[in-house]
Amino acid sequence: MDQFVEFLKETFYSIRIRDFIDIGIVAYLFYKVIGLIKETRAGQLIRGILLILLATQLSEWMRLYTIHWILRNTMTVGVIALLVVFQPELRRALEHLGRSRFFADVLMGKQEDHPMNTIEELIKAVQMLAQEKTGALIVIERETRLGDVIETGIKMDSLVSGELIINTFIPNTPLHDGAMIIRNDRIMAAGCFLPLTENQNLSNQVGTRHRAGLGITESSDAVVVIVSEETGIISIALSGKLSRYLDIKSLKQILIDLLIDKDQQKPLQFNWIKWRNKND
């Protein structure tokens, strides 16, 4: 007992402040990683990897040499396979790191918020497009840069105006079927190609325009406003989720919460719960 107490004393006195900092950083990183992979297919893959690791260790203890050799070599090759399998999750994690306030404000310079005038012009255009049942796909860039998407379309670099948005989506024009990208108070490009969503559980009533809007929100923090060409229904996509049947008043309040009142988390959480219930 005395030896155990002496061991504890030596261990306690050998701990330094930097050890607490080290442990705290590692714990925080684990917490963030778990948060990133929660409710994604990466969570299921990690459970499978842990099962293989457990089986590898058990096969060694039980001296099942053939099984142990197979599992050990599988894990060796699996490191390369993991980079391929987890590519979407790794990209999402790096984008999340790049969107941190430190990188946004210190390294890259603080970005201007979307002015209220941009939202007013956007609302004016969406209201007219919905009334005329003119399809539209409008992507509002936030922290994640969409330069690669902008390169796929026709660059405009124009101030946001309702009339320009309406004219861009007039049927049978070259830019009608593509997506419009808005950055701050400027329309950067139109006629852009977006990646389609990987969600296989969507209703058959959701068309290509909505699937493209969902797809870009799965790989970025962009906000996407969608107007259905068949029904004129207004939808919004965010973080891989789609909310439909919005009216102009609700859409305006959502955009204000997301693009201007970023620090007011309680209204944003309330609105998001309301959208998700509608979507369910």
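Read-outs throughout are calculated quantities, based only on the coordinates presented, and are distinct from any laboratory measurement. These figures come from a predicted structure and were not determined experimentally. Using ideal geometry, Cβ is built from the backbone for each residue, glycine included, and neighbour counts are taken over all protein chains shown.
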Cα-only Rg/Rh for the stretch 138-179 with Kirkwood Rh rounds to 0.96
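How fast does the stretch 170-267 diffuse by Stokes-Einstein, in µm²/s, taking the Kirkwood radius from C-alpha pairs at 20 °C and 1.002 mPa s?
On the way: Rh = 14.4 Å.
Taking Rh from Cα pairs, D becomes 149 µm²/s.
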Computed ³J(HN,Hα) along the stretch 121-129: with the Karplus parameters 6.51/-1.76/1.60, θ = phi - 60°, integer Hz and x for glycine or proline, the list is 5, 5, 4, 4, 5, 4, 4, 5, 4
Taking a ≥ b ≥ c as the square roots of the eigenvalues of the Cα gyration tensor, with a/c under 1.5 meaning rounded and otherwise prolate when a/b exceeds b/c and oblate if not, the stretch 116-279 is rounded
Here the stretch 235-252 yields Karplus 3J(HN,Hα) values (6.51, -1.76, 1.60; θ = phi - 60°; whole Hz; Gly and Pro given as x) of 10, 9, 10, 7, 6, x, 10, 10, 10, 10, 6, 8, 9, 5, 5, 5, 4, 4
Nearest-0.05 FRET efficiency for VAL26 and LEU58 at R0 = 30 Å, using Cβ-Cβ distance, is 0.65
